[in-house]
Amino acid sequence: MRLHIIGICGTFMGSLALLARELGHQVSGSDANVYPPMSTQLEEAGITLVSGYRAENITADIDLVVVGNALSRGNPEVEALLDAGLRYTSGAQWLADHVLPGRRVIAVAGTHGKTTTASLLAWLLESAGLAPGFLIGGVPRNFGVSARLGDLGAPFVVEADEYDTAFFDKRSKFVHYRPEIAVLNNLEFDHADIFPDLAAIERQFHHLVRTVPGRGRLLVADGQPALDRVIDQGAWSPVVYFGDQASSPWRFTLERPDASRFQVVFDGERAEDGVVEWSLTGEHNARNALAALASAHHLGVDLARACAALSRFQTPRRRQEVRGEIGGVQVIDDFAHHPTAIAATLEGLRAATPKGRLLAVIEPRSNTMRLGALRDRLKACVAPADAVFWFEPEGLDWSMDALVDEQAHGSLHHDLDALVAAVVAKALPQDRIVVMSNGGFGGIHERLLVALAAKEA
């Protein structure tokens with residue numbers, strides 16, 4: 001079958017392309033901008049890429065068009081496929097129809113931590129010899145690819161996004177997956193461009209809950225009022241909580257303040273050989289690990305073996321990823337863009353940075369941030385940083401001036417070169433520079449490393 005994927009360079013759609021190619025389909029795709037790393041990953045898999053959306057990309061020999069959720073009516077390729085009467089589907093529906101049937105599906109959902117938790121779970125299953133399939137909204141460094149089929153009899157881990165499915169299907173993508181296990185990691189207001197309020201997102205999460213069979217499992221983070229409201233709407237599968245509350249069957253206790261070492265507690269008992277010592281920091285990552293451990297345990301993985309495997313886990317790209325160190329200054333890349341995620345990342349790194357300072361470089365470019373829906377929370381979320389360098393992207397619906405004026409340790413920048421110069425001038429040996437954005441940020445990570453090297457020369 002010949003497939004054409006519109007919006008192929010997004011992490012989800014690009015991962016679908018890899019799975020389709022692995023299934024033996026002929027795959028082509030287009031995107032507004034074709035760029036690494038996804039373009040490199042796709043080209044290496046033999047997938048034809050076209051930069052720019054054009055009607056002539058939609059040809060009569062295409063058997064099926066897979067439409068990304070960023071595409072709307074008016075897009076030339078969308079209009080061409082409709083006029084031609086070609087078969088089309090969404091990415092989530094294609095995955096549900098062609099990859100997931102017959103698999104034990106584990107869907108990892110939540111406002112934050114989906115990529116890390118899904119990567120953790122895939123690694124635990126891999127370490128146990130199960131050869132899982134997966135589709136993850138990032139590149140797990142333990143695997144080097146964002147998606148693979150795995151053994152057809154093995155579990156399949158999917159990062160389950162609550163964002164809408166396509167221009168013709170406004171349900172959340174995760175309602176298509178019909179998992180045996182659904183991990184509900186957390187739930188806050190986000191995606192202000194498509195959801196009017198938190199209650200609307202809670203309804204979508206409950207649609208996911210409705211699809212889990214009675215023989216399945218709902219693994220739910222404790223201490224999350226929004227998730228409690230979701231479960232209160234009704235649950236038809238066993239509900240198992242994880243976190244740090246005494247009543248939860250799966251708990252952790254920190255043995256280091258930065259959460260780089262913690263003890264797993266299962267059913268009220270300290271798990272034998274259940275100490276995790278790893279390279280990640282922050283209580284949020286300990287929670288992510290606990291969700292992955294509970295999922296793997298339900299799938300038959302030995303708990304002690306799983307805890308030991310976490311010591312070999314490598315963070316996914318763009319999740320507390322160390323991009324380099326020059327002159328004793330470390331540059332870290334992180335995908336955090338929601339105030340809660342920004343705060344969690346900074347708190348974890350602050351606890352793990354006993355000597356140097358923590359310099360935060362932040363671009364609020366997500367749709368929610370552009371609309372200003374959570375701008376009142378930005379001041380407090382950066383408190384753990386010693387200095388904050390804000391970059392105001394184009395198209396922001398609000399001015400960042402007032403935010404920065406209220407911060408003694410904050411500065412606002414509109415030019416990328418000037419921003420890099422200011423950060424490098426501030427940086428001293430043993431400092432950590434953490435860059436937070438859900439976009440490419442103009443390649444700022446490499447620019448910082450080059451500028452730091454020039455400062456050393």
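The values are calculated or read from the model by the stated rules, or taken from the named source; none is laboratory data. Just so it is clear, the model here is predicted, and its values are computed rather than measured. Positions of Cβ are backbone-derived with ideal geometry, glycine not excepted, and every protein chain shown enters the neighbour counts. The accessibility values were calculated without ligands, DNA or RNA, using every heavy atom of the protein model including side chains. Shrake-Rupley method; radii C 1.70, N 1.55, O 1.52, S 1.80 Å.
Rounded to the nearest 10 square angstrom, Thr165 shows an accessible area of 0 square angstrom against a 1.4 Å probe.
Each 5 Å bin from 0 upward holds the following percent of the Cα-Cα pairs of region 208-353: 2, 9, 16, 20, 19, 15, 11, 5, 2, 1, 0, 0. A simple spin-label model places the labels of His206 and Arg270 4.2 nm from each other, with each point 7 Å out along Cα-to-Cβ. The ellipsoid that matches the Cα gyration tensor of the chain has semi-axes, each √(5λ) in whole angstrom, of 33, 30, 21, with the longest given first. Proximity of backbone amide H atoms, modeled 1.01 Å from N, is registered between Val50 and Gly29, Ser30, Asp31 at under 5 Å, excluding neighbours fewer than 5 places apart on the same chain.
Straight-line cross-link partners of Lys173 among the lysines, defined as a Cα under 29 Å from its Cα and at least 8 positions apart when in the same chain: Lys114. Using the Karplus relation 6.51 cos²θ - 1.76 cosθ + 1.60 with θ = phi - 60°, the per-residue 3J(HN,Hα) values for region 54-69 come to 9, 4, 5, 6, 8, 10, 5, 7, 6, 7, 8, 9, 9, 9, x, 6 Hz, with x marking Gly and Pro. Would you work out if region 178-247 is rounded, prolate or oblate? Take a ≥ b ≥ c from the square roots of the eigenvalues of the alpha-carbon gyration tensor; rounded if a/c is under 1.5, else prolate when a/b is larger than b/c, oblate otherwise. Oblate, because a/c is 1.5 or more while a/b does not exceed b/c. Dipole magnitude for region 151-290: computed about the Cα centre from +1 point charges on Lys and Arg Cβ and -1 point charges on Asp and Glu Cβ, it is near 440 debye. Gap in Å between the Cα centre of region 17-63 and the Cα centre of region 135-195? Region 135-195 and region 17-63 have Cα centres spaced 21 Å from each other. Between Trp398 and Glu255, residue separation times 0.36 nm minus the direct Cα-Cα distance comes to 47.2 nm.
Applying the Kirkwood pairwise sum to the alpha-carbon positions of region 408-457 produces a hydrodynamic radius of 11.7 angstrom. Full extension of the chain between Thr48 and Glu456 gives 142.6 nm of extra length, using 0.36 nm per residue less the Cα-Cα distance.
A DSSP coil position with no more than 13 other Cβ atoms inside 10 Å describes the following GluC sites (Glu not before Pro) in region 254-291: Glu255.
For region 332-362 versus region 259-310, the inter-centroid distance based on Cα atoms is 23 Å. Placing a pseudo-label 7 Å from each Cα along the Cα-to-Cβ vector at Gln245 and Leu416 gives an inter-label distance of 4.4 nm. For the pair Arg377 and Glu325 in one chain, pulling the backbone fully straight at 0.36 nm per residue adds 15.6 nm over the alpha carbon distance.
Would you mind classifying region 1-67 by shape? Square roots of the alpha carbon gyration tensor eigenvalues, ordered a ≥ b ≥ c; an a/c under 1.5 is rounded, otherwise it is prolate if a/b is larger than b/c and oblate if not. Since a/c reaches 1.5 but b/c is at least a/b, the shape of region 1-67 is classed as oblate.
Taking a cut-off of 23 Å between Cα atoms, list the lysines near Lys426, but don't count ones fewer than 8 places away on the same chain. Partners within reach: Lys355, Lys379, Lys455. Computed over the Cα atoms of region 256-331, pair by distinct pair, the Kirkwood hydrodynamic radius stands at 13.5 angstrom. In whole percents, the pair-distance distribution calculated for region 119-228 from its alpha-carbon pairs, binned every 10 Å from zero, is 13, 40, 35, 12, 0. With the cut-off at 15 Å, report for region 170-209 the share of all Cα pairs above it, as a whole percent. Roughly 39 percent, once rounded to a whole number. Per residue of region 396-404, what does 6.51 cos²θ - 1.76 cosθ + 1.60 with θ = phi - 60° give for ³J(HN,Hα)? Whole Hz please, x for Gly and Pro, Karplus curve as stated. So the J values, rounded to whole Hz, are 6, 7, 8, 8, 8, 4, 5, 4, 6. Taking every alpha-carbon pair in region 289-350 and binning the separations at 10 Å intervals from zero gives 18, 35, 33, 13, 1 percent.
What is region 1-137 by shape, rounded, prolate or oblate, if you read a ≥ b ≥ c off the alpha carbon gyration tensor as root eigenvalues and call it rounded for a/c under 1.5, prolate for a/b larger than b/c, and oblate otherwise? Here region 1-137 falls in the prolate category.
Enclosing the Cα atoms of region 75-171 in their convex hull gives a volume equal to 118 cubic angstrom per residue. Placing dummy labels 7 Å off each Cα toward the beta-carbon, the span from Asp193 to Ala304 is 5.0 nm.
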